[in-house]
Amino acid sequence: MKDVRDLDGEAAEIMRMNDRGGYSVPTAGLYPYQWNWDSAFAAYGYAFLDIDRAWEELETLFSGQWPDGMVPHILFHQVDPSYFPGPDIWGGVGPLPSSGISQPPIAATMARLVWELDIDAGRDRVAALYPKMVAWHRWFMAARDDGHGAICLTHPWEAGRDNAPDWDGPMRRIEPHGIAPYERRDTGHVDQDMRPKKADYDRYLYLVKQGHDCGWDQAHLLGINPFRMADPTMTFTLLRATRDLIWIGQQLGADTSELPAMIARMEAGTETLWNPGLNAYDVRDMKTGEWANAVSNAAFLCWYAGVDPKDTLVTYERVQAKVRFGVASHDPDSPAFEPKRYWRGPSWAMMNMLIAMGMDEAGLEEGAALRRQTARMIETGGFSEYFDPTTGAPAGGQNFTWTAAVWLGWCSPNVRRGRWAQSR
Ligand code: GLC
């Protein structure tokens, strides 16, 4: 195990190493661009090193916002051939070269946490971001409401949980025709046993091509996109972020009048994601109504979203009892569980932070326990992308920004600042 003070220094060094000037990359090599929710976590991490740099991260993210309010999941600031699929394959239609889908909207939540660390330094910065964040949330409600108030995704990458077993059924039904031959770059950086398979990749690219070919016309895509999943990740993160947006707006004396209706709508949508047979919030296929029947770590964001957890704690205790370093991204009791493959089992430090944040706020002692477990996982495995939940062994890319950020802002024993950090 490493000395904790070393880890603080190492985390700060990773944040600096992955800084490309105004934005960070998740890790050099594997992910050489700005990713949406990675960046929001990065902003929180930078806030513990340099508050100005934290705001800059969010400002750069929103500089890629499309005219319709969407904030893309990747901004391609500088073309880098080591990543595929790049800007030409996506054909984003915003002010900067970008992808054409979004990612879990945690920016408003992180903006609030950053602001609370230094109210004076942040006032003008957050005031400028506020209308942009509202526009993004408005876009989600217009383009991603599943018809019941749950938020759906249109591509597995949109939920940030790329190859989760939740998508297996609907992905298998897709016939990926018409995609040009391509060469993956991810397996050149990371062992292919830790990455999605070729069959997944063909389908990822097929969905991208559909969007590209219609210029990302959302109304058109609604009719043709075979992949529409009402999802706890999207619903819980947007619900939470909208609550934080109201708080921010109120502090600023800004107009928040449209936001409570969004919350009411998503609270109703949340009810439609409870799968009683699974005893957990679950993914529902918007086209067929079928459940994924998959307990993912996203199910445990219900406290973070501030909704009724129902029996989630029982399910949480069951899955946590099966691994040493949770929270496993997929149910360890399921035959689809693979402890090293990305979103099919590994534990992710940044998901743990969000889960624990909600638990802390709900007064559950499991939040502090999860923080200690995550700290031990990082002490054991370093700042890797994700971890084998059975052993704590590092997996995926190394020197990862969000793992470093989560250490600096949440699970290092030396974290002392901020309202939420102090109340732990
Ligand atoms: C992978 C992850 C996604 C993340 C991205 C960059 O695609 O699944 O959640 O944003 O890598 O780290």
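If we keep just the residues of the range 375-396 that are among the polar types (S, T, N, Q) and more than 17 Å from Ala28 (Cα to Cα), which is surrounded by the most Cβ atoms within 10 Å (Cβ to Cβ)? It would help to see each step written out before you state the result.
From the range 375-396, those among the polar types (S, T, N, Q) are 380, 384, 390-391; that's our starting set.
When the remaining residues are screened for being more than 17 Å from Ala28 (Cα to Cα), the result is 380, 390-391.
On the way: Thr380: 16, Thr390: 19, Thr391: 16.
Across the range 375-396, the extreme among qualifying residues is Thr390.
Output yes when any residue across the range 95-102 is within 19 Å of the chain's Cα centre (by Cα), away from the ligand (no atom under 16 Å from the Cβ) and buried (at least 19 other Cβ atoms within 10 Å of the Cβ), and no when none is. First the steps, then the outcome.
First, pick out the residues of the range 95-102 that are within 19 Å of the chain's Cα centre (by Cα): 98-102.
This time we only want the ones that are away from the ligand (no atom under 16 Å from the Cβ), so: none.
For the range 95-102, residues within 19 Å of the chain's Cα centre (by Cα), away from the ligand (no atom under 16 Å from the Cβ) and buried (at least 19 other Cβ atoms within 10 Å of the Cβ): absent.
Give the residue that is farthest from the ligand (Cβ to nearest atom), with candidates limited to residues of the range 154-170 that are part of a helix (DSSP H, G or I) and under 20 Å from Gln192 (Cα atoms). Let's see the steps before the verdict.
Going through the range 154-170, the residues part of a helix (DSSP H, G or I) turn out to be 156-159, 165-170.
Applying the additional criterion that residues be under 20 Å from Gln192 (Cα atoms) yields 156-157, 165, 167-168.
Details: Pro156: 9, Trp157: 6, Pro165: 14, Trp167: 12, Asp168: 16 Å.
Taking the candidates together, the pick is Asp168.
Would you kindly identify the helices (runs of 4 or more DSSP H) lying entirely within the range 3-81 that contain at least 2 residues that are under 21 Å from Ala111 (Cα atoms), out of contact with any Lys or Arg (no Cβ under 7 Å at 6 or more places or on another chain) and polar (S, T, N, Q)?
Numbers: elements: 4-17, 36-46, 51-62.
Hits in the range 3-81: 36-46.
Filter the range 171-192 for residues that are exposed (fewer than 12 other Cβ atoms within 10 Å of the Cβ) and more than 30 Å from Asn275 (Cβ to Cβ); which is nearest to the ligand (Cβ to nearest atom)?
Taking the range 171-192 as the starting set, the residues that turn out to be exposed (fewer than 12 other Cβ atoms within 10 Å of the Cβ) are 172, 175, 177-178, 180-181, 183, 191.
Then drop every residue that is not more than 30 Å from Asn275 (Cβ to Cβ), which leaves 177-178, 180-181, 183, 191.
Details: His177: 24, Gly178: 24, Ala180: 22, Pro181: 22, Glu183: 18, Asp191: 15 Å.
Restricting to residues being exposed (fewer than 12 other Cβ atoms within 10 Å of the Cβ) and more than 30 Å from Asn275 (Cβ to Cβ), the top hit is Asp191.
Answer with yes or no whether Gln373 is within 16 Å of the ligand (Cβ to nearest atom) and either among the charged types (D, E, K, R) or at pLDDT 95 or above (or both). Spell out the reasoning first.
Values: within 16 Å of the ligand (Cβ to nearest atom): no; either among the charged types (D, E, K, R) or at pLDDT 95 or above (or both): yes.
When the stated conditions are applied, Gln373 does not pass them.
Out of the residues in the range 46-87 meeting the condition of being modelled with pLDDT of 95 or more and among the acidic types (Asp, Glu), tell me which one is surrounded by the fewest Cβ atoms within 10 Å (Cβ to Cβ).
Only one residue fits best here, namely Asp52.
Would you mind finding the one in Thr390, Thr380, Thr315 that is without any contact (Cβ under 8 Å) to a residue 40 or more places away in the chain, of a type in the set (Val, Ile, Thr), away from the ligand (no atom under 15 Å from the Cβ) and touching a strand residue (DSSP E or B) at 6+ places or on another chain (Cβ under 9 Å)?
Numbers: Thr390 fails: without any contact (Cβ under 8 Å) to a residue 40 or more places away in the chain; Thr380 fails: without any contact (Cβ under 8 Å) to a residue 40 or more places away in the chain.
Within the list Thr390, Thr380, Thr315, the selection yields Thr315.
Give just the number: which of (1) within 19 Å of Gln103 (Cα to Cα); (2) part of a helix (DSSP H, G or I) does Pro226 not satisfy?
If we test Pro226 against (1) within 19 Å of Gln103 (Cα to Cα); (2) part of a helix (DSSP H, G or I), just (2) comes out false.
Please go through the range 340-366 and give me each residue that is away from the ligand (no atom under 15 Å from the Cβ), surrounded by 21 or more Cβ atoms within 10 Å (Cβ to Cβ) and either small (Gly, Ala, Ser) or in a loop (DSSP other than H, G, I, E, B) (or both), ordered by number.
Matches in the range 340-366: Ala356, Gly358.
Among the candidates Leu252, Leu239, Leu207, Leu259, single out the residue that is more than 23 Å from the chain's Cα centre (by Cα) and modelled with pLDDT of 95 or more. Let's see the steps before the verdict.
Working: Leu239 fails: more than 23 Å from the chain's Cα centre (by Cα); Leu207 fails: more than 23 Å from the chain's Cα centre (by Cα); Leu259 fails: more than 23 Å from the chain's Cα centre (by Cα).
Only one candidate passes the filter, namely Leu252.
The values are calculated or read from the model by the stated rules, or taken from the named source; none is laboratory data. As the structure is a computational prediction, the values presented were derived from the model and not from experiment. Please note: Cβ atoms are built from the backbone with ideal geometry, for glycine as well, and neighbour counts cover all protein chains shown.
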